[in-house]
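Values quoted throughout were computed directly from the atomic coordinates according to the rules given, and no laboratory measurement underlies them. What you see is a predicted model; the values in this text were computed from it and never measured. In this analysis, Cβ positions are derived from the backbone assuming ideal geometry, glycine residues included, and neighbour counts consider all displayed protein chains.
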Amino acid sequence: MTEKFPLKKRGYGEEQPGIKFGPFKIRIPLIHHEWQWTECAAAMFLGVACLGAGVTTTMTTFGLNEPANIAALGLTENGAFLMALTFGVLNAVCYYLPSLLGDPVVPGWITPALPLTLKFLEQWSIPDYATGNVDRIKAMIALQMLVALCFLIMGATGIGRKLVECVPMSIKAGIVLGAGITAGVNVFQARMPAAPWTVAIACLLSYLFLFNPSFERKARTSNFWRLVRNQGVVPAQLFAIILAPILLREIPMPQIQWGLTPLSFGFVMEHFTIFGIGFPEMSFFLAAIPSALTTYIIAFSDFVLAKEVVAEATAARPDEIVIFDAGRSNLVSFLRNGIMSVFAPWVPMCGPLWASGLLTITERYKRGYKTMRTYWGGVCTFRASTVIAVMILPLVTLIKPAFAIFFGITMAVQCFACGNIGMRMATTANERGIACVIAAALTFFTPAQALLVGIIVWAVVEGSESVVRFKNRKATAA
């Protein structure tokens, strides 16, 4: 018997139908893909957890956790939290854009760049809404606008790949390694003092499920443990939500609020966007250029990884063609960052890929047609459900007490993963040495200053050899 949904069906070995719209291909639920209840259920928790961490990051960075600022804005502590959820709701809508427009990914933050973004913003004091000092917000708007512009220009022209290729490996490794060290400093300095046991146990659980080789071998032979491992940091988040308030009592019990998440777009527009606080002065854009380029270099690797993940998944499903287009993915990332920078600046920014989220879906997709009729049923349902989830206020408030812990978990995983990747990127003794110097500089200085330090050290140590290699290649080509 032929399934009812999706209404538009493909032939064997063809691409799933969609509505052609310029470089995009729009796919609407039930018409162009079925609704996947497994992905829907996952998004109910995962989507709220991740967006909650992002809302907490944005609130803390913009000083919305400080009583004086809350009072200056005429809000209560709960009112400030509910208002800040507007940032998360708009970001959830932007999360849905890639799959809706035909980009076969589960998008996320530009996570490795987050510690560097926070370091960049430290040049300006925490906003003081009583005096009108909101320079840090203007700096964030300028940075996210430049990142959006990078995605547009680099993606449309192909310059992005050339830029990434021309940056010496030692500098790229230093950027990644520095992101890891800065993330670790954030965990130890800002997260652990507030809830030391909860943060420590949650981070160690994340390391166990993500990186322990014995657990990985166990997951290969057990469907249950494979399912657990595929959830990434979720077991650690569950611990923080369920057990930490009861056993450790380091975070409060949740205070459930009922109804739909209230939206405060007018308030956000007035106090946090170019429509209320004015367009950032040119000095903010000039200061943000090094950080924007660094962010794009970090994000570029996600396009490479996304292409490999999609190719590996579709190789197991000859019944469907799924096309990953890096140019289209760049354009969608431009749209998401552009929208957020104008209407609700988002500190974690909008990256092209959430790898663990996509891998969880592709693992089910590879099981065959009966499990998932079309690839788009998985990715589209997951992010459409995220929008629904963040509008369910009881679900959001259930998880609220652990939001800061979630951010600590994210930074701890970032520390481990970036350290691993950064050290593997540097293959020679000199590259590792330069990378270490850059990483140390990123811990103490702004990204622009640290990048300058890296360029100078690279020129002193490796510059002459690069000139020799360039001359040799030129002579060989002649």
Cα extents of the chain per principal axis, largest first, Å, are 69, 63, 48
Given the candidates 418, 461, 381, the one whose Cα lies deepest towards the positive end of the charge dipole of the stretch 367-463, counting +1 at each Lys or Arg C-beta and -1 at each Asp or Glu C-beta, is 381
Here the averaged projected area of the stretch 122-231, based on the convex hull of its alpha-carbon atoms and given in nm², is 11.8 nm²
Once phi for every residue in the stretch 205-215 is put through the Karplus expression 6.51 cos²θ - 1.76 cosθ + 1.60 (θ = phi - 60°), the whole-Hz ³J(HN,Hα) values, with Gly and Pro written as x, are 4, 4, 4, 4, 6, 8, 10, 6, x, 5, 5
Under the helix-only model (-39500 (n - 2.57) for each DSSP H run of 4 or more, divided by the residues of the chain), the mean residue ellipticity at 222 nm, to 500 deg cm²/dmol, is -21500 deg cm²/dmol
PRE zone check, label point 7 Å out along Cα-to-Cβ of residue 444, amide N under 15 Å, scope the stretch 160-195, hits 182
The chain: relative contact order from alpha carbon pairs under 8 Å, six or more residues apart, as a whole percent, is 34 percent
In order over the stretch 382-395: 3J(HN,Hα) from phi, Karplus 6.51/-1.76/1.60, θ = phi - 60°, whole Hz, x for each Gly or Pro, gives 4, 7, 5, 5, 4, 4, 5, 4, 6, 8, 8, 4, x, 5
With R₀ set to 41 angstrom, the calculated FRET efficiency between the beta-carbons of residue 304 and residue 71, to the nearest 0.05, is 0.30
For 140, 59, ascending order of other Cβ atoms within 10 Å (fewest first) is 59, 140
Treating only Lys and Arg (+1) and Asp and Glu (-1) as charged, each at its beta carbon, one finds that the stretch 319-409 has a dipole about its Cα centre, in Debye to the nearest 20, of 180 debye
For residue 15, the residues 5 or more places away or on another chain with a placed amide H closer than 5 Å to its own amide H are 321
With 0.36 nm assigned to each residue of separation and the Cα-Cα distance removed, residue 263 to residue 243 gains 4.1 nm
Quick calc, residue 30 & residue 200: beta-carbon distance into FRET formula, R0 56 Å, rounding 0.05, result 0.80
Here, residue 133 and residue 469, labelled 7 Å along Cα→Cβ, have an inter-label distance in nm of 4.7 nm
Classified through the alpha carbon gyration tensor (a ≥ b ≥ c as square roots of its eigenvalues; rounded if a/c is under 1.5, else prolate when a/b is larger than b/c, else oblate), the stretch 364-450 comes out oblate
If the chain between residue 342 and residue 225 were fully extended at 0.36 nm per residue, the gain over the current Cα-Cα distance would be 37.8 nm
At R0 = 25 Å the Cβ-Cβ FRET efficiency linking residue 315 and residue 217, nearest 0.05, sits at 0.55
For the chain, the dipole about the Cα centre with charges only on Cβ (Lys and Arg +1, Asp and Glu -1), to the nearest 20 debye, works out at 1360 debye
Of every Cα-Cα pair in the stretch 1-103, the percentage lying beyond 23 Å is 48 percent
For the pair residue 283 and residue 256, the simple spin-label estimate (label points 7 Å beyond Cα toward Cβ) gives in nm 5.1 nm
Dipole check, the stretch 274-404, charges on Cβ (K,R +1; D,E -1), about Cα centroid: among 279, 396, 327 the Cα furthest to the positive pole belongs to 396
Ranked output for segments 25-32, 181-188 by mean other Cβ atoms within 10 Å, highest leading, reads 181-188, 25-32
